[in-house]
């Protein structure tokens with residue numbers, strides 16, 4: 001399916017197109033998103049198609065971005081959702097708040113922003129179903145979500161997990177004042193370099209190798225390696241959570 005042709009205001013009965021359609025690829029997204037484009041590039045942005053639709057005094061900006069793959073599209077959704085608000089069963093995962101709708105489906109990340117400043121929730125709910133039906137791909141949930149006990153949120157971090165450049169890519173789950181993490185591609189050498197960053201680290205007796213340390217920025221850090229993954233917990237001390245993550249890792 002050519003998404004550029006499929007994305008049109010005719011998807012939404014009663015709405016009319018305002019202005020030309022939008023199309024961005026590669027670095028041209030800077031022209032539209034300005035400083036907000038960096039997050040899109042971090043999640044493997046390929047291209048965006050957009051259209052503005054009006055109905056009476058209401059206006060919606062509809063944008064659908066193709067990301068590198070379904071995992072990155074889902075990651076984009078988790079990076080932008082409001083963790084204090086409920087999610088919606090749209091595509092791979094969605095969320096509707098009074099003036100905005102976001103969801104992922106297949107390798108696409110979709111968003112609708114509504115004007116003027118009022119509660120558009122009911123309208124956005126109807127638009128969500130129509131837009132999701134027009135987007136190719138299947139609902140997708142990363143297997144990594146099951147590596148964590150039920151959490152406030154689980155987010156794909158595409159670079160610098162915990163703000164550490166050495167930890168290239170992984171998942172972070174929130175549990176109040178603590179966060180659990182799993183770095184998906186690691187090794188003994190990377191773990192050794194990580195531990196070397198914390199001269200006061202002490203053994204933690206978890207996984208194949210481990211340490212724990214109190215850090216000025218991360219709080220109490222427990223880190224361990226299991227096979228090709230580095231995982232652990234940062235924030236408030238929570239050895240029970242670290243052990244649960246270790247147990248769940250394949």
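The values are calculated or read from the model by the stated rules, or taken from the named source; none is laboratory data. Keep in mind the model is a prediction, meaning the values are calculated, not measured. Cβ: placed from backbone, ideal geometry, glycine included. Neighbour counts: every protein chain shown.
The single condition from (1) within 23 Å of residue 170 (Cβ to Cβ); (2) buried (at least 17 other Cβ atoms within 10 Å of the Cβ); (3) touching a helix residue (DSSP H, G or I) at 6+ places or on another chain (Cβ under 7 Å) that residue 94 fails is (1). Filtering the range 165-205 to residues that are surrounded by 18 or more Cβ atoms within 10 Å (Cβ to Cβ) and more than 28 Å from the chain's Cα centre (by Cα) leaves 201, 204. Those helices (runs of 4 or more DSSP H) of the range 1-82 in which at least 1 residues are touching a residue at least 40 places away in the same chain (Cβ under 8 Å), considering only elements entirely within it, cover 3-6, 37-42, 70-80.
Residue by residue, here is whether (1) at pLDDT below 95; (2) farther than 22 Å from residue 40 by Cβ; (3) within 15 Å of the chain's Cα centre (by Cα); (4) not in a loop (DSSP other than H, G, I, E, B) holds:
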{"residue": "96", "(1), (2), (3), (4)": "no, no, no, yes"}
{"residue": "103", "(1), (2), (3), (4)": "no, no, yes, yes"}
{"residue": "111", "(1), (2), (3), (4)": "no, no, yes, yes"}
{"residue": "114", "(1), (2), (3), (4)": "no, no, no, yes"}
{"residue": "119", "(1), (2), (3), (4)": "no, yes, no, no"}
{"residue": "126", "(1), (2), (3), (4)": "yes, yes, no, yes"}
{"residue": "140", "(1), (2), (3), (4)": "yes, no, yes, no"}
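Among the residues of the range 183-208, the one identified as in contact with a helix residue (DSSP H, G or I) (Cβ under 6 Å, 6 or more places away or on another chain) and in a strand (DSSP E or B) is 183.
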